[in-house]
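The values are calculated or read from the model by the stated rules, or taken from the named source; none is laboratory data. In this text, all values refer to a predicted model and were calculated from it rather than measured experimentally. Virtual Cβ from ideal backbone geometry, glycine too; neighbours counted across all protein chains shown. We work out accessible area using only protein heavy atoms, side chains counted, and drop any ligands, DNA or RNA first. Shrake-Rupley method; radii C 1.70, N 1.55, O 1.52, S 1.80 Å.
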Amino acid sequence: MAEPIRFAYTFQFPNGAEQRFEILLDADTLALLAPQDAPKPAWTKLKYHQCENCPLGDDVEYCPVAVNLASLVERFKDAVSFESTTVRVQTAERTYEKDTALQKGLSSIIGIYMVTSDCPVMDALRPNVRFHLPFASIDETIYRAVSMYLVAQYFLMRKGKQPDWALTHLVETYQAVAKVNQGMSDRIRHATAEDANVNAVIILSSQGGMVPMYVEDSLAEMEHLFRGYIERQ
């Protein structure tokens, strides 16, 4: 069996304190390999501020996204969004480091936890986790989202299925994801004293919300980058 995919996040604070998180993903499914004794506080119950578009039934006791986020949220439940931190992200290929506000560092790691949780809505974004880009800008987020989706359409075509080259379902996917982000921010807001965790999810939501807007505008702001392809035809 292939070794798990590993991301190591370290948050360093001006007072010398550190918070460390090791994320291990199944190399085949990209599912989070969570410890069996992962905490399940009351706010992780499925019915606790459940997302309006949640497809899970009454047979599911806990929200899988909330359970994945529980350890992180509990550690930062008293943290303020604009607290300064240095975030270091170690992967097998390279190390990223950035001095930033805590909410932005948390947004990066929360994105991994959410899409590797076996939430049926968030599952659509899972392929991007294999090529995780910490601290992605809005333009990078949009480019990666569209690129991932078009690769998926290529594989559908190869399997004899109907591809969606018009990106219609990509828009629908991100609209559904936006509802999950809203639901999670509501859930976390009621589970924490300060705003760092909540605002981290809001950042994710705002970046993801730009994807439908760009697609509906035919990605016009990126077209010039592909001049070499377009003018060759």
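Take residue 149: with every protein chain present and a 1.4 Å probe, its accessible area is about 30 Å². Each Lys or Arg adds one and each Asp or Glu takes one away; over the other residues whose Cβ falls under 15 Å from the Cβ of residue 202, this sums to +1.
In order along the stretch 88-105, phi translates into HN-Hα couplings of 10, 10, 9, 10, 5, 8, 6, 10, 10, 8, 8, 7, 7, 6, 3, 4, 6, x Hz, rounded to whole numbers, per the Karplus curve 6.51 cos²θ - 1.76 cosθ + 1.60 with θ = phi - 60° and x for Gly and Pro. Which residue, 35, 56, 46, has the largest displacement toward the positive end of the dipole of the chain when charges sit on each Cβ (Lys, Arg +1; Asp, Glu -1)? Value: 35. The listed residues 56, 170 rank as 56, 170 when sorted by accessible area, largest first, using a 1.4 Å probe. Comparing Cα centroids, the stretch 57-136 and the stretch 138-171 end up 23 angstrom apart.
Distance from the C-alpha centroid of the stretch 178-195 to that of the stretch 21-52: 15 Å, rounded to the whole angstrom.
Per 0.36 nm of contour for each residue apart, how much would the distance between residue 162 and residue 22 grow if the chain were fully extended, relative to their Cα-Cα spacing?
Here the segment from residue 162 to residue 22 would lengthen by 46.5 nm.
If you wrap the Cα atoms of the stretch 60-112 in a convex hull and average its projected area over all directions, you get 4.6 nm².
Normalised by the number of residues in the chain, the average gap of Cα pairs under 8 Å and 6 or more apart makes the relative contact order 22 percent.
Within the chain, the longest segment free of exposed loop sites, counting trypsin sites (Lys or Arg not before Pro) that fall outside DSSP classes H, G, I, E and B and have at most 13 other Cβ atoms within 10 Å, spans 162-231.
If R0 equals 22 Å, the separation of the Cβ atoms of residue 83 and residue 190 corresponds to a calculated FRET efficiency of about 0.55. Going down the table (40/104; 98/159; 47/104), which pairs top 30 Å between alpha carbons? 98/159, as the Cα separations exceed 30 Å there. Summarising the overall dimensions of the chain from its C-alpha atoms, the Rg and Dmax are 18.3, 59 angstrom.
Taking Lys and Arg as +1 and Asp and Glu as -1, the other residues whose beta-carbon sits under 13 Å from that of residue 213 total -4. Taking the chain, the Cys residues with no second Cys beta-carbon under 4.7 angstrom are 63, 119.
Multiplying the residue separation of residue 210 and residue 96 by 0.36 nm and removing their Cα-Cα distance gives an extension gain of 38.6 nm. Under a model in which nothing but the beta-carbon of Lys, Arg (+1) and Asp, Glu (-1) is charged, the stretch 164-204 shows a dipole of about 100 debye around its Cα centre.
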